[in-house]
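Have a look at the structure below before the remarks.
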Amino acid sequence: MQRTAEAVSLGHPDKTADYISCYILDRIITQDKNARYAVEVMIKDNTVVLGGEITTTANLNELNQYVKDALAEIGYDERYASIWGKYAIDPTEIKVINMIGVQSADIANGVDNDGWGDQGVFVGKALYEKARQSDNLGLDIKTQITLNDERIETAIVAIPMLRDEDLTDFIIETLGEKPTQIIVNGTGRYTYHGSVADCGITGRKLACDFYSTAAPIGGGSPWTKDASKADLTLNVYARILACENLADNDECFVYLSSCIGRAELPSGLIKTIKNGVVTYNDLWCNQKPSTLIKAYGLDKPIFAKLCNKSISGILPNFDYDR
């Protein structure tokens, strides 16, 4: 059986964008370990666009310099530019477009109570059509369904509302059955939405648009987030659980989902493969974000190092200082 895997260096523009965001996050965590951070980066020619949300007590006056310092660490410095000229980035010509705002207070409601700062594995469109006809419901919607033995165990909806509205009957009617649990807006409030509350960038919804749960990822890039975001910490946790449960199996996959503003995970599953035989075991996880963050040192400025080494280098005894 043939398999092919891909890796890119930090000099690849996609990875360069990742590293810039991680580098900025490290500088902020050095000043404020409780910072909330979600910053996307786009880089083209000598222009770097920063878009996202930061809530912190740290000084953000040096963002432009952080971008240049990150590029220099990668190797895109003045020496490199003198060799490559017009064929590469010129740090003396870098222009930074700063479109960073403050994290939505709606999200903070849940995160400050030790809930996750986002949710993953998204399905469903019926609410969008309802919202288009509504004067109360917004269009920036995420829905998530957890099945258990083909029954819907949990239905999670994040939908902007100007006024509280009970969507229970509509959800049940749309699904064709009554879930064991329905959660609407897990942080308790959701008004700021769309590009006012979040930063959109191409390519981040490939999983749900093309592959659904065949590609078990959702949300944004781990490299643009602080550790309160499930995109980062649950990816790390899933990797560590997979390594721990690999044992003498040929392969091991760990699937986790999260609900914004809540600590307990709606679902968890460990899939192992040995000699072509597939085994599934349920995984119940109620580890609070703060517990996992502390356990894996994700409240420290180690994100640029992790970005450089990649998630695949993270093991339970991973040495962040090596």
The residues Thr92, Thr191, Thr30, Thr224, sorted from fewest to most surrounding Cβ atoms within 10 Å, come out as Thr92, Thr30, Thr191, Thr224
Förster-model FRET efficiency, 56 Å R0, His12 and Asp169, C-beta, rounded to 0.05: 0.70
Using the basic label-point model (7 angstrom from Cα toward the beta carbon), what is the Lys33 to Ala295 distance in nanometres? 1.8 nm
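Order of Arg27, Arg79, Arg189 from fewest to most other C-beta atoms within 10 Å? The partial results should precede the final answer.
Details: Arg27 19, Arg79 11, Arg189 16.
Starting with the residue having the fewest Cβ neighbours, the order is Arg79, Arg189, Arg27.
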Would you please name the chymotrypsin sites (Phe, Trp or Tyr not before Pro) within the stretch 1-88 that are DSSP coil residues with at most 16 other C-beta atoms within 10 Å of their C-beta? none
Which parts of the stretch 244-271 would a label at Asp149 reach, counting a residue when its backbone N lies under 17 Å from a point 7 Å out along Cα-to-Cβ? 268
Scalar couplings 3J(HN,Hα) for the stretch 136-151 by Karplus 6.51 cos²θ - 1.76 cosθ + 1.60 (θ = phi - 60°), nearest whole Hz, x for Gly and Pro, are 10, 9, x, 9, 8, 10, 10, 10, 9, 10, 10, 9, 9, 6, 6, 9
Taking amide H positions as placed 1.01 Å from N in the peptide plane, with prolines and chain starts having none, which residues 5 or more places from Gly101, or on another chain, fall under 5 Å of its amide H? Gly52, Glu53, Ile54
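On a 22 Å Cα-Cα criterion, which of the cross-link pairs Lys225/Lys288; Lys44/Lys68; Lys15/Lys288; Lys15/Lys294; Lys15/Lys142; Lys44/Lys142 come out too long?
Details: Lys225/Lys288 17 Å; Lys44/Lys68 14 Å; Lys15/Lys288 30 Å; Lys15/Lys294 26 Å; Lys15/Lys142 27 Å; Lys44/Lys142 30 Å.
Listed pairs above 22 Å: Lys15/Lys288; Lys15/Lys294; Lys15/Lys142; Lys44/Lys142.
Each reported figure results from applying straightforward, stated rules to the coordinates on display, with no laboratory input. Only a predicted model underlies this, so the values are computations on that prediction, with no experimental measurement involved. With ideal geometry, Cβ positions are generated from the backbone for all residues, glycine too; neighbour counts draw on all protein chains shown.
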